[in-house]
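Presented below is the structure to which this report refers.
The values are calculated or read from the model by the stated rules, or taken from the named source; none is laboratory data. In this text, all values refer to a predicted model and were calculated from it rather than measured experimentally. Cβ placement follows ideal geometry from the backbone for every residue including glycine, while neighbour counts extend to all protein chains displayed. Please note that ligands, DNA and RNA were not included when accessible areas were found on the heavy atoms of the full protein model with its side chains. Shrake-Rupley method; radii C 1.70, N 1.55, O 1.52, S 1.80 Å.
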Amino acid sequence: MSNLQNTTSSSIIFLLTGVPGLEAFHIWISIPFCFLYITALSGNSLILFAIVTQPSLHEPMYYFLSMLSTTDLGLSISTLVTMLGIFWFNARKISFNACLSQMFFIKLFTVMESSVLLAMAFDRFVAISHPLKYATTLTDSRIAQIGVAIVIRGTLTLTPMVALLKRLSYCRSLVLHHSYCFHPDVMKLSCTDTKINNVVGLTAMISTVGVDSILILLSYVLIIKTVLSIASPEERKKAFSTCISHIGAVAIFYIPLISLSFVHRFGKQAPPYVHTMIANTYLLIPPVMNPIIYSVKTKQIRRAVIKILHSKDI
C-alpha cells in the first residue's frame with residue numbers, strides 16, 4: 001500500500017500481524033495458544049457453571065468471582081478469532097469498523113476486569129474489617145447494581161476513546177503490529193494530529209485501571225491494619241487466607257500489564273517477535289490463571305468443581 005495514501009475510515013482495510021520473522025512456524029506457534037484458549041474458555045465456563053448450579057456458592061464473594069469469569073471469557077473471545085485466524089489461515093485482513101469493535105471489547109473487558117478486582121477487594125475489606133455488617137452491606141441487589149455500574153462505567157469511559165479514531169485519516173502503511181487491534185497501534189498509522197486521541201485514551205486508562213489499582217492497594221492497607229490488630233495468630237492466618245486467591249488474581253492482571261508497558265517503552269532493541277509474543281500472551285494470562293488459582297486456593301470452589309466433574313463421569 002502506498003505510504004502517500006490518504007484513506008477515509010469507510011474504506012480502510014487493516015492488515016494484522018502474526019509473529020514477525022516466524023511466519024513459517026505459525027502452525028506450530030498456534031498449538032500453545034490453542035491450549036491456552038481451551039484452558040481459559042473451559043476453566044471459566046466451569047467456574048460459572050459451578051457458581052450458578054451450587055446453592056452453597058450463592059454468596060457475595062462467589063458472585064464477584066462469576067463476574068470475573070465472565071470478563072475473562074469475554075477477553076478470550078475478543079482475540080480468539082483474529083489470532084487463530086492468522087496462525088491457521090493467514091487471515092490478516094480486518095475492516096476498520098471490525099477493528100474498532102474488537103478494540104472496544106478488548107478495552108472494555110480489561111477495564112471491567114480491573115473494576116471487578118476492585119469490587120472483590122471491597123468484598124474482602126468488608127468481610128474482614130466489618131464482618132457484622134457484611135450481610136447487610138453486600139446484598140444481592142447491591143451486588144447486581146455494582147455489576148451494572150461496572151458495565152456502564154467501562155462503556156461510557158471507552159466509547160469516546162474508540163469513536164475519536166473515526167475522525168482520523170490514515171495515510172501510512174495500514175499494517176498493524178499485533179494479531180488484534182490495539183489502540184496505540186492504530187493511532188500510529190494516522191496522518192492526522194492525534195493529541196486529542198492520546199489525551200482521551202490516557203485519561204480513560206488512568207481514570208479506570210489507574211484509579212482501581214490505587215483503591216485496591218488502599219483496601220489491602222486497611223485489611224492488613226485490621227488483621228494486625230487481631231490478637232490470635234490463628235485468626236490472623238485465617239483472615240489472610242481468604243485474600244490469597246484475590247491477591248493472586250490482582251498480581252496476574254497488573255504484572256503483565258505493567259510488563260507490557262515497560263517492554264514497549266524500554267525494550268525497543270528486542271526483536272519484533274518478542275513484543276508480539278508478550279502482547280499476545282498478556283491478554284491470555286488472567287483468563288487462563290484465574291480459574292486455576294481459585295480452584296486450587298478456594299476450598300468451596302474446588303469441591304464444587306470436583307462434584308460437577310464427578311457427576312459428568314457418572
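Of all residues in region 232-247, those that are surrounded by 11 or more Cβ atoms within 10 Å (Cβ to Cβ) have Cβ atoms under 8 Å from Cβ atoms of residues that are hydroxyl-bearing (Ser, Thr, Tyr), 6 or more apart or on another chain, in ALA239/THR226; CYS243/TYR220; SER245/TYR294; SER245/THR298; ILE247/TYR220.
From the residues in region 171-187 that are in contact with a strand residue (DSSP E or B) (Cβ under 8 Å, 6 or more places away or on another chain) and open to solvent by less than 10 Å² (accessible area, probe 1.4 Å), which one is farthest from ILE106 (Cα to Cα)? Of everything passing the filter in region 171-187, LEU174 is farthest from ILE106 (Cα to Cα). Scanning region 188-201 for residues that are open to solvent by 40 Å² or more (accessible area, probe 1.4 Å) and in contact with a strand residue (DSSP E or B) (Cβ under 9 Å, 6 or more places away or on another chain) yields a total of 2. Output the number of residues of region 88-118 satisfying the condition of being more than 20 Å from the chain's Cα centre (by Cα) and open to solvent by less than 40 Å² (accessible area, probe 1.4 Å). Counting residues in region 88-118 that are more than 20 Å from the chain's Cα centre (by Cα) and open to solvent by less than 40 Å² (accessible area, probe 1.4 Å) gives 2. Taking region 54-76 as the range and being assigned to a helix (DSSP H, G or I), closer than 14 Å to ALA304 by Cα and of a type outside the set (S, T, N, Q) as the test, the residues that pass are PRO55, LEU57, TYR62, LEU65.
Criterion first (of a type in the set (S, T, N, Q) and closer than 21 Å to TYR180 by Cβ) does SER95 satisfy it? So SER95 fits the description; yes. Only one entry in LEU284, LEU228 is within 23 Å of ILE128 (Cα to Cα) and either surrounded by 15 or more Cβ atoms within 10 Å (Cβ to Cβ) or among the hydrophobic types (A, V, I, L, M, F, W, C) (or both), namely LEU228. ILE214 meets the conditions (1) surrounded by 13 or more Cβ atoms within 10 Å (Cβ to Cβ); (2) free of Cβ contacts under 8 Å to residues at least 60 places away in the same chain in every case but one. The failed one is (1). Within region 11-22, residues that are assigned to a loop (DSSP other than H, G, I, E, B) have Cβ atoms under 6 Å from residues that are surrounded by 18 or more Cβ atoms within 10 Å (Cβ to Cβ) and among the basic types (Lys, Arg) in no pair, counting only partners at least 6 apart in sequence or on another chain.
So that you can scan it fast, the table gives a plain yes or no per residue for (1) polar (S, T, N, Q); (2) closer than 20 Å to GLY210 by Cβ; (3) open to solvent by less than 50 Å² (accessible area, probe 1.4 Å):
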position	(1), (2), (3)
MET120	no, yes, yes
VAL126	no, no, yes
THR136	yes, no, no
THR139	yes, no, yes
ILE146	no, yes, yes
THR159	yes, yes, no
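Could you go through region 251-272 and let me know if any residue there is touching a residue at least 24 places away in the same chain (Cβ under 8 Å), open to solvent by less than 20 Å² (accessible area, probe 1.4 Å) and hydrophobic (A, V, I, L, M, F, W, C). Scanning region 251-272 turns up at least one residue that is touching a residue at least 24 places away in the same chain (Cβ under 8 Å), open to solvent by less than 20 Å² (accessible area, probe 1.4 Å) and hydrophobic (A, V, I, L, M, F, W, C).
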